[in-house]
Amino acid sequence: KSRTVNLPFAFTYYGETYNTATICSNGWIAMGQTYLTDYRNWTLPSPGGPDGAIAVFWDDLYESNSSNAHVYQYYDAAQHRWIVEWYRLRNAASYSATETFEAIFYDPAYHPTETGDGLIVFQYNNISNMDSVDGYCTVGIEKPDNSDGLTYTYALQYSEACAPLVSGRAFKFV
């Protein structure tokens, strides 16, 4: 499922400033509002998913009340950052596997960059990238018009310079 939320600060992404974002239980965020709930992940950029996807661990994931498996958000005012965490979500490829990971968005007013875009950090606490039927997970970012982007991984493919996606790893997009 997807839910649009108000951001605690204006966030600039690919040169556009947003005050809302859509969080999906399937491991992605899109700046602005979308009705999409895409579980089927693709490479980035791609018109096959939400515009401007921020794919933290885009895969077919499920929340569960019985195990407190939910997507949470938190505004850390002291550090000027907004945190979205996918906590113990079940992976459709194996209902026994749980995924815990997060995206951290830094307020550009307090954490400036050369381009003016906001910093984004992906952190992986516990992941099992095992969905061989639907291309494993997708990790990366794309421009809102789908004309540019960066796929860190899709279908267990990485460029030579990329370390594999594993528990305990973090990525920073500047």
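Using 0.36 nm per residue of separation minus the Cα-Cα distance, give me the extension gain between SER147 and MET130 in nm, one decimal.
Going from the current span to full extension adds 3.3 nm.
Give the Debye-formula value of log10 I(q)/I(0) at each listed q (0.19 Å⁻¹), with one equal scatterer per alpha carbon of region 1-82, two decimals each.
Computed log10 I(q)/I(0) values: -0.88.
Could you pull out the chymotrypsin sites (Phe, Trp or Tyr not before Pro) across region 93-142 that fall in loop regions by DSSP (anything but H, G, I, E, B) with no more than 16 other Cβ atoms inside 10 Å?
Sites meeting the loop and neighbour criteria: TYR110.
Please list, by residue number, everything in region 2-26 whose backbone N is under 11 Å from a paramagnetic label point 7 Å out along Cα→Cβ of GLU63.
Of the residues in region 2-26, 2-4, 23-26 have backbone N under 11 Å from the label point off GLU63.
Roughly how many Å² is the accessible area per residue of region 1-119, as a whole number, for a 1.4 Å probe?
46 Å²
Evaluate the Kirkwood expression for the hydrodynamic radius of region 80-132, namely the inverse of the mean inverse distance over all pairs of different C-alpha atoms, and round to one decimal in Å.
Final number for the Kirkwood radius of region 80-132 is 12.6 Å.
Leaving out ligands, DNA and RNA, and with a 1.4 Å probe, what % of the accessible surface on region 1-136 is carbon or sulfur?
After summing per-atom areas, the C and S share lands at 45 percent.
Over the Cα atoms of region 45-86, compute the convex hull volume and normalise it per residue, giving Å³.
Taking only Cα atoms, region 45-86 has a hull volume of 105 Å³ per residue.
Could you run the Karplus curve 6.51 cos²θ - 1.76 cosθ + 1.60 with θ = phi - 60° over region 78-83 and give me ³J(HN,Hα) per residue in whole Hz, x for Gly and Pro?
Working through the residues one at a time gives 5, 9, 6, 8, 10, 10 Hz.
Check each of the GluC sites (Glu not before Pro) in region 70-174 and keep only those in coil by DSSP with at most 13 other C-beta atoms within 10 angstrom; list them in order.
GLU114, GLU160
Within 13 Å, Cβ to Cβ, of ASN125, how many net charges do the neighbouring residues add up to if Lys/Arg are +1 and Asp/Glu are -1?
Charge balance in the 13 Å sphere: -1.
The values are calculated or read from the model by the stated rules, or taken from the named source; none is laboratory data. These figures come from a predicted structure and were not determined experimentally. Because the Cβ atoms are built from the backbone with ideal geometry, glycine has one as well, and the counts that use them run over all protein chains shown. When the accessible area is computed, the model is the full protein with side chains, heavy atoms only, and any ligands, DNA or RNA have been set aside. Shrake-Rupley method; radii C 1.70, N 1.55, O 1.52, S 1.80 Å.
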